Amino acid sequence: MKLKRILALAGILILMAISGCGSLEESVAEAKKVVPGDWEVIHTQEVDKHSTVVFYINNDELGAGLFQKETFGWNWLGSGLGPLVTHPEGLLWRYSDLGSKTTKCYVYYGLVQNPDIDKIEVKTTWGESAKAEITQSGDYRLWYAFISRPQVPSVDADIIGYSSSGAELYKFSQPKQGATK
C-alpha cells in the first residue's frame, strides 16, 4: 500500500515537472531565458480563464507572449517580438499571431506617445472593430486590442487614436490589397 502511494506521488511529481511551471511567474521566468535580450514585463492580461498574454519591452522592441494554464501549471506557447511601426507619430504598434495549433490569440499592441490619445480603435479588412485597452505601466502607456482572427497582412488594418472628446489624433491607413483606384 505504501509503495503504491509513493509510486503515485512520484508519478504526479514527474508529470508536473514535464507539463509546465507551477505559476505564471515561474513560466515567464523560464521563457525569459529563451527570448534574446534583457526584457522587462510591463503588463499581463488574462485572455480567458486558461490563457494570459504577457507584454514585455526590451530597448526599442515591444513583445507579447502567450501562456496557457494546464492541469499542473503554465506553459509558454510562444511570443511575438520586434520593432514597432513608428509612422505616423502618436502611436507605436505591431501585430502578433500568438499561440499553438489549439490555442490562438491575435493582437495589435503598442505604446501611446501622444498624451492626448485617450481611445484607440483597430478596424480590420473584414469589418471587425476592436476597441483597445490602454494601461499605464511605469513610464509606458501600453495599448492592446484583440481581434477574432488573423489579419494578413497586418498593415491592412486601420488604427485610429482619438482624444477624450472624440477628435481623431492618429490614423494609420493605407490602400488595402485588391482595392481599385
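The values are calculated or read from the model by the stated rules, or taken from the named source; none is laboratory data. Bear in mind the structure is a predicted one, so any value in this text is a computation, not a measurement. Cβ atoms come from the backbone with ideal geometry, glycine included; neighbour counts cover every protein chain shown. Please note that ligands, DNA and RNA were not included when accessible areas were found on the heavy atoms of the full protein model with its side chains. Shrake-Rupley method; radii C 1.70, N 1.55, O 1.52, S 1.80 Å.
Here are the numbers for this structure:
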| quantity | calculated |
| --- | --- |
| Label-point separation, Ser137 to His50 (7 Å along Cα→Cβ), nm | 2.5 |
| Residue-span extension gain [Trp126 to Arg149] - 0.36 nm each, minus C-alpha spacing | 7.3 nm |
| Three-way shape call for the stretch 59-181 based on the alpha-carbon gyration tensor, with the a/c threshold at 1.5 | oblate |
| Percent accessible area from carbon and sulfur atoms, the stretch 109-181, protein chains only, probe 1.4 Å | 46 |
| Glu70 accessible area, 1.4 Å probe, all protein chains in place, Å² to nearest 10 | 80 |
| 13 Å Cα-Cα reach of Lys119 towards aspartates and glutamates, excluding residues that sit fewer than 8 places from it in its own chain | Glu133, Glu168 |
| 18 Å Cα-Cα threshold exceeded, pairs from Lys104/Lys171; Lys69/Lys131; Lys131/Lys171 | Lys104/Lys171; Lys69/Lys131 |
| Largest to smallest accessible area among Tyr109, Tyr140 [probe 1.4 Å] | Tyr140, Tyr109 |
| Nearby aspartates and glutamates by direct alpha-carbon distance to Lys49 (threshold 12 angstrom, same-chain neighbours under 8 apart not counted) | Glu70 |
